[in-house]
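Structure record follows, encoded as structure tokens.
Since every read-out is calculated from the coordinates, none of them should be taken as a lab result. Bear in mind that the values here come from a model prediction, so they are computed numbers and not experimental data. Glycine gets a Cβ as well: all are built from the backbone with ideal geometry, and neighbour counts include every protein chain shown.
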Amino acid sequence: VSLQVLENFPLLLYILAAKTVILCLLFAGAKIYQSKRIEAKLKLEREAKFKKEMEELAKEETEKKED
């Protein structure tokens, strides 16, 4: 019985290695997805902040012109 286990041992190691590589790739993909999602959210926030600041500047300029 132990000889059969030893004969399959290299195959088991290959399966373990393949599973490990697949898991690593999945985690790396998840991290990339998360970072891109966070970057997109920050970009939207920056654009909204910039737009708000530009509107405030335009409002101040129109107020100065009225005076």
* Asked: Mind checking which aspartates and glutamates have their C-alpha under 16 Å from LYS52, skipping anything on the same chain fewer than 8 residues away?
  -> GLU60, GLU61
* Asked: What nm distance separates the two modelled labels at LEU12 and GLU60, each placed 7 Å from Cα along Cα→Cβ?
  -> 7.2 nm
* To do: Under 25 Å Cα to Cα from LYS59, which lysines show up? Leave out anything in the same chain fewer than 8 places away.
  => LYS43, LYS49, LYS51
* **Two-site label geometry, LYS36 and LYS49: point separation in nm, points 7 Å out along Cα→Cβ** => 2.4 nm
* To do: Treating each Cα of the chain as an identical point scatterer and ignoring solvent, apply the Debye formula and state log10 I(q)/I(0) at q = 0.22, 0.23, 0.27, 0.28 Å⁻¹.
  => -0.92, -0.94, -1.04, -1.06
* Asked: Going by alpha carbons, how many degrees (0 to 90, nearest 10) lie between the helix axis of 2-66 and the longest principal axis of the chain?
  -> 0 degrees
